1. Given the criterion loosely packed, with under 13 Cβ neighbours inside 10 Å, modelled with pLDDT of 75 or more, part of a helix (DSSP H, G or I) and in the same structural domain as residue 187 (by TED's automatic domain parsing), identify the matching residue among 143, 123, 134, 127.
2. Among residues belonging to region 205-218 that are crowded, with 16+ Cβ neighbours inside 10 Å and more than 28 Å from residue 148 (Cβ to Cβ), point out the one that is farthest from the chain's Cα centre (by Cα).
3. Filter region 230-251 for residues that are modelled with pLDDT of 75 or more and of a type in the set (Gly, Ala, Ser); which is surrounded by the most Cβ atoms within 10 Å (Cβ to Cβ)?
4. Scan 121, 132 and give me the residue that is within 27 Å of the chain's Cα centre (by Cα), touching a residue at least 24 places away in the same chain (Cβ under 8 Å) and within 23 Å of residue 257 (Cβ to Cβ).
5. Scanning for something modelled with pLDDT of 90 or more and of a type in the set (A, V, I, L, M), does region 75-93 turn up at least one residue?
6. Give all pairs with beta carbons closer than 6 Å in which a residue from region 222-234 that is closer than 15 Å to residue 158 by Cα and assigned by TED's automatic domain parsing to the domain that holds residue 159 meets a residue that is of a type in the set (Gly, Ala, Ser) and surrounded by 14 or more Cβ atoms within 10 Å (Cβ to Cβ); count only pairs at least 6 apart in sequence or on separate chains.
Amino acid sequence: MQHDDSMNPASQAAEHGHHKGVVNGVVLPVPTAWPMVLALGVTLAITGMVTHWVISLLGLVLILRSFVGWFFEVLPHEHHTAVPVHDGDVAISSPRTTFTKLAPDPKHRKLLPIETFSITAGIKGGIAGGIAMIVPAALFGVIRFHSVWYAVNLLAAGGFISWAGQSDAFLAQFHLLGLLAAFGIHTLTSVLVGLLYGALLPMFPRKPILTCGFIAPFLWTSILYSALGVISPILNERIDWLWFVLSQIAFGLVCGFVVNLQVKVQTPQFQALPFAVRAGLHFDQSSDPSKPKDKDL
């Protein structure tokens with residue numbers, strides 16, 4: 001049986017007089033940078049539409065030059081290069097240490113939590129944490145500005161553009177509109193964060209107080225510290241971050257404590273366990289992830 005070499009790239013290249021004498025190798029197109037030059041030209045041409053026409057002109061020049069360069073890469077003959085091929089076995093190894101993975105198990109809490117807190121637990125925890133958060137915020141206003149209304153009005157100022165340039169004396173006074181606005185903002189935020197705590201706590205069953213009281217508040221504070229300048233410039237200029245962190249810790253401790261007091265509800269995955277396990281009549285130690293198996297050691 002004769003092999004048809006008409007479709008072989010090496011044979012085609014040899015017929016055109018390119019890379020003659022290539023025996024054990026592969027003929028590939030020559031690497032070219034013109035596609036990247038074309039992409040850069042298109043980018044500059046579009047950028048110049050919103051900046052300056054000179055940038056678009058530069059992009060047009062690069063586009064035309066890439067057209068010419070790319071054209072001569074394929075015509076009148078395609079440019080090829082010979083890449084030698086060496087036969088041999090390649091040993092694949094990795095310096096990383098490998099471990100035996102745990103078998104899928106419905107009792108493995110890191111993979112499949114079978115109990116979680118209800119939505120009402122998160123709402124109760126958020127309301128309780130919001131009330132506890134008021135205490136350090138009010139102390140900040142009394143100590144710094146001799147008024148319990150300063151923190152209230154400062155929170156409400158985030159929703160009122162007209163309050164952006166008001167003085168500290170104005171924010172230290174009682175304003176019914178500011179009280180209503182701050183109450184709505186604080187209540188909504190507390191409930192939403194409480195729901196988030198209710199969803200997160202089942203994932204950290206061993207250290208709930210540490211997670212709620214310190215790790216999560218510092219995480220929220222770091223996020224607000226970087227984004228508050230965009231959300232509320234007046235609050236970003238006048239906020240005292242030390243007292244803010246203390247109020248967040250008070251919220252986290254109380255919210256986490258209240259959420260942990262609530263009874264957990266079963267997730268749909270709990271129904272996948274055997275009836276004896278769900279009823280508490282039998283517990284298979286082989287499914288306990290806290291006790292490693294011999295093959296996993």
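The values are calculated or read from the model by the stated rules, or taken from the named source; none is laboratory data. For clarity, every value in this text was computed on a predicted model and none was experimentally measured. Please note: Cβ atoms are built from the backbone with ideal geometry, for glycine as well, and neighbour counts cover all protein chains shown.
1. 143
2. Going through the qualifying residues, I end up with 208.
3. Restricting to residues being modelled with pLDDT of 75 or more and of a type in the set (Gly, Ala, Ser), the top hit is 247.
4. 121
5. Of all residues in region 75-93, those modelled with pLDDT of 90 or more come to none.
Scanning region 75-93, I find no residue that is modelled with pLDDT of 90 or more and of a type in the set (A, V, I, L, M), so the answer is no.
6. 232/158; 234/157
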